[in-house]
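Please treat every number below as a calculation from the coordinates, not as lab data. Since we're looking at a predicted model, the values are computed, not measured. Please note: Cβ atoms are built from the backbone with ideal geometry, for glycine as well, and neighbour counts cover all protein chains shown.
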Amino acid sequence: MERQAGEGFYTVRGYQLLEQHDAHLTSSLEDYLEMIYRRMLLDGHVRVNALAEWLNVKPSSVSKMLGKLAQLGLVEYKKYGVISLTEQGEEIGKYLLWRHDTVRQFLSLLSSGTKQDSLTEAELLEHDFSRATMERLALLNEFLKEQEEAFQEYINRYKRP
């Protein structure tokens, strides 16, 4: 089970930072942090109006959440300026994106619905898994990919009509 570069997130520091902020990070704050990290990877920068559009919320909601993330030391931003992640924010954002991708990949492997269904389900489920469970789920994903033929045979044999 060889991992590809960039797959998974296993640094101790990242987990420590996430644990430190667990008590303060709501599901909504996690979603904002994950999206900021995701878009920074794609575009190199993030602005309030763009983030509002991507998350389907009002810019005033984004500003409020950015204030909370800034108080936690996870983002830096100035009104009408570019949003940037602190080192801690980047570490946690990386973990949150990995967690999202791991849950979504698992749901896709199950082929339980459309691509949009797996996205919606991943958004609902991802906030409730422990880090230990996420590690196991990532391993299960690797196993299911390696044993794809046997897995499909098993599904076909036991699926309900």
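Classify the range 80-154: rounded, prolate or oblate, from the alpha-carbon gyration tensor (a ≥ b ≥ c, eigenvalue square roots; a/c under 1.5 rounded; otherwise prolate if a/b is larger than b/c)?
On the way: a/c = 2.79, a/b = 1.91, b/c = 1.46.
Here the range 80-154 falls in the prolate category.
Pairs of Cα atoms nearer than 8 Å and 6+ residues apart set the relative contact order; for the range 12-158 it is 21 percent.
Roughly how large, in nm² to one decimal, is the mean projection of the convex hull of the alpha-carbon atoms in the range 52-104? Intermediate values should be presented prior to the final figure.
Details: hull surface 16.3 nm².
Computed as one quarter of the Cα hull surface, the answer is 4.1 nm².
Rounded to the nearest 20, the size of the Cβ-charge dipole of the range 12-158 about its Cα centre is 660 debye, with Lys and Arg at +1 and Asp and Glu at -1.
Entry note: the range 12-158 has Rg to Rh equal to 1.03, where both radii use alpha-carbon atoms and Rh is the Kirkwood radius.
For the range 150-160, backbone phi angles converted through the Karplus equation (6.51, -1.76, 1.60; θ = phi - 60°) give residue-by-residue couplings of 5, 5, 5, 4, 4, 4, 4, 6, 10, 6, 7 Hz, Gly and Pro being listed as x. Count charges around residue 70 for me, please; just the other residues with Cβ under 13 Å from its Cβ, Lys/Arg as +1, Asp/Glu as -1. Computed value for this residue: +3.
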